[in-house]
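Have a look at the structure below before the remarks.
Taken together, the values in this text are just the output of simple stated rules run on the coordinates, not laboratory data. On a predicted model such as this, the values are computed, not experimentally measured, just so you know. No Cβ is skipped: glycine too gets one built from the backbone with ideal geometry, and neighbour counts run over all protein chains shown.
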4 protein chains.
Amino acid sequence: MHPEPPDQRASRHDARRPLRADARRNRARVLAAADAVFASEGAATTTEAVARAAGVGVGTVFRHFPTKDALLEAVFVARLEVLAEEASALADAEDPGAAFFEFFTRVIEQSANRHTFAAALAATGVDVEHTTAVTVGDDLLDALDHLLMRAQEAGAVREDVSVSEVIALLVGTTRAAEHAGWDPTVQARTLAVVCDGLRPATDATP
Amino acid sequence: MHPEPPDQRASRHDARRPLRADARRNRARVLAAADAVFASEGAATTTEAVARAAGVGVGTVFRHFPTKDALLEAVFVARLEVLAEEASALADAEDPGAAFFEFFTRVIEQSANRHTFAAALAATGVDVEHTTAVTVGDDLLDALDHLLMRAQEAGAVREDVSVSEVIALLVGTTRAAEHAGWDPTVQARTLAVVCDGLRPATDATP
Amino acid sequence: MHPEPPDQRASRHDARRPLRADARRNRARVLAAADAVFASEGAATTTEAVARAAGVGVGTVFRHFPTKDALLEAVFVARLEVLAEEASALADAEDPGAAFFEFFTRVIEQSANRHTFAAALAATGVDVEHTTAVTVGDDLLDALDHLLMRAQEAGAVREDVSVSEVIALLVGTTRAAEHAGWDPTVQARTLAVVCDGLRPATDATP
Amino acid sequence: MHPEPPDQRASRHDARRPLRADARRNRARVLAAADAVFASEGAATTTEAVARAAGVGVGTVFRHFPTKDALLEAVFVARLEVLAEEASALADAEDPGAAFFEFFTRVIEQSANRHTFAAALAATGVDVEHTTAVTVGDDLLDALDHLLMRAQEAGAVREDVSVSEVIALLVGTTRAAEHAGWDPTVQARTLAVVCDGLRPATDATP
DNA sequence: GATGAATGAGACTTCATTCAT
DNA sequence: AATGAATGAAGTCTCATTCAT
């Protein structure tokens, strides 16, 4: 009630000192559970559901993530990290075009598995206040930019698209796949359409 | 909201008897307000907000739409109807290819205006229980199918896509545009990519 | 969660239009119940307890007082109003000295009955943000000032005390009486001591 | 907190065996920290806050004081002890009247410093179940009784007040001073009023 | 003994829905 | 029919207390 002014909403512990082994383990469990639950039930599920899925009490969830929003953000960040790593891994691939489309395809497929990677992508560049998200998002953006540029230089991707459009298409295609109920056929065809659309127009000059 | 058991509630009044003039007028006002409010504030807004926007009391909203979900569905249906009409209007266009892409483009643009037509499209074919939605959805599906078939016959759209993929792409592209914050440039380029991807491959036979 | 920015914390209804008859009745019941419950169980009781005592649901309490703090403040204001009226009623009494001590005595006695008028007095002049409380508090202050001044002019109260001290002594004596478990004897003697202390020193000039 | 049934829990360790040196040191630190924190933030602060102020973990606080209430009581007792000592020290003063008023004044002043000695006084004689508090309270009562009696015999204090009233006035005056925001002027005047009120009526015999 | 992570009951508050006016 | 007050289930978050390390 009254005694709340000092509400800087930070986690309970002194963020600097690394967590105790068991605490770190629990934090990870909560994060994993949250990822799964949010994916399958939407961001509207209750925190209790997350706690239950993680096999801990609500208190524990709130100890690690002071707010439901903080938990959501943490899930997003984790997802972005995975994507950023994938993109980085493909950074020096021999065939830049293949690498680019490979990444594109993988994102959609992963989303089909994790059931809403989309949400992660959606977090890119949005909500400037969420510092962590933005930082990680930047990593992803950089890696993706690199992938795209090389693919364009190799003539595998049309020149008039930039990362913005690629991200948008990534998000959109994932949404499309989701809408199709993740039906493999529709998903494949949708992906094909978008990928073909991304290739340079074959100017039929003889 | 959702977790209610299949509780088939009907509107308060006898569906057969036509509404009194003022009642009909109120229903329309509520629907319009709901469309606007849900669009700008998301489906999570309170029913009170809708009522306020419509200039009526909550009671009135519930009299016309027995449930918040029912109200949401009604909004969806209304949006689908508009789309179905658009599609029908283009059914006999001279240039089937142009007609198809015209529709595609319009959907995205309208979404940008209404700010979440996406949600409407997303309702197509989902939630089999929502009978009305399904019915209207079928109309839209039929009209779209017609548009697609003619465009394919005219050689303007690749053969390996069906309505399912088109719908998915419609939903996805709208989502992409939404993600891009409805930025006109990104929107245009995204749309271009998808449309180009939908065209038949220009087989580079000399 | 998210949709909270517009949190101006006002009561639900349009404060300007007078409440419906039943609503006003309920508001009064809630206020009375709150006064009683807070008095007997302390400000820490749950809002549910207040609701129960008022015979309404929690929702109703929150409809009228958007916050537990708001409810507490309302109770304070109500108490201050009563005191202010009492003081005003004595404003033109014939014997200013008697009037002053009459008021002093009454406050203590009333506190014994209502069991914590003290809290009300305690609110005087504190918490500058609570506008209503301050306004009403000012009324009380003015009335009390008037009472005091007249009593001093009449030579019934020592010259070196101002309203501040009187208020403080009022609060303190009530607290003393409360501490004594409202034992009538102790209360009477305590009051006698304070009142005697407030009279001018009988300068023993022959 | 309170609503627990009479659950007579004892401290974790065997009360008879003296504590280890470091444990005793910790107990003292916790008690001091609790005194300070409760004084400045009210009894509603969290146990964590106390632990933090003491530079120990919550667990340690609970090891020494099995309950938050127990901690509060311990703080009260400690405060009462100080008061009792003060009173004892003045027991044989040459001028009994001066000694009495000296004690009275000191209590208020100390409260101003510690900012809520009041709470300590308030514990006197209340809550019969808190055995320790009662015992120590008795010491204080005895010492105060002695002080009062001697002062009355010396004709410095009116005959119609007993320890009960003195305690009540002590509590009340402290409360008054607290209400006045510990403003030195108001405090001094309030004190003067009460002290004057405690003196025998100067019977105006020529 | 000390630590701080985990626990979960319980507090506050919101909002879909009902119902008296 | 319309209104808006009342209701109470449910969600988020806090904090006294326990317990593994």
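Sort shortest first the distances from B:ALA43 to its counterpart in every other copy, using label points 7 Å along the Cα-to-beta-carbon line, and give them in nm.
In ascending order, 1.4, 4.4, 5.1 nm.
Count the net charge of all other residues whose Cβ sits under 11 Å from the Cβ of A:VAL37, scoring Lys and Arg as +1 and Asp and Glu as -1.
So the environment of A:VAL37 carries a net charge of -2.
7 Å along Cα→Cβ for the label point: how many nanometres lie between D:VAL82 and each equivalent label in the other copies, listed shortest first?
Values, ascending and in nm: 3.7, 5.8, 7.2.
Which of C:VAL30, C:VAL58 has the fewest other C-beta atoms within 10 Å, and how do the rest follow up to the most? Kindly include the intermediate steps, with their values, before the conclusion.
Numbers: C:VAL30 25, C:VAL58 14.
If I rank by nearby Cβ atoms, fewest first, I get C:VAL58, C:VAL30.
Where does the charge balance sit around B:ALA99 when Lys and Arg score +1, Asp and Glu -1, over other residues with C-beta under 10 Å from its C-beta?
Within the 10 Å Cβ shell, the charges total -3.
Where does each of D:ASP138, A:ASP35 land when they are ranked from fewest to most other beta-carbon atoms within 10 angstrom?
D:ASP138, A:ASP35
If I take R0 = 35 Å and measure r between the Cβ atoms of B:MET149 and A:ASP160 in this structure, what FRET efficiency does the formula 1/(1 + (r/R0)^6) give, to the nearest 0.05? Let's see the in-between values first.
Details: r = 30 Å, r/R0 = 0.87.
Between B:MET149 and A:ASP160 the formula returns 0.70.
Please express the Cα-Cα pair-distance distribution P(r) of the stretch D:159-206 as a list of whole percents, one per 10 Å bin, running from 0 to the bin with the greatest distance.
24, 45, 23, 7, 0
How much length would be gained if the chain were fully extended between B:THR202 and B:THR47, taking 0.36 nm per residue of separation minus their Cα-Cα distance, in nm to one decimal? Mind showing how you got there, number by number?
Working: separation 155, 0.36 × 155 = 55.80 nm, distance 5.21 nm.
Result for the pair: 50.6 nm of gain on full extension.
Under the classification rounded if a/c is under 1.5, otherwise prolate if a/b is larger than b/c and oblate if not, where does the stretch D:48-99 fall, given a ≥ b ≥ c as square roots of the Cα gyration tensor eigenvalues?
Prolate.
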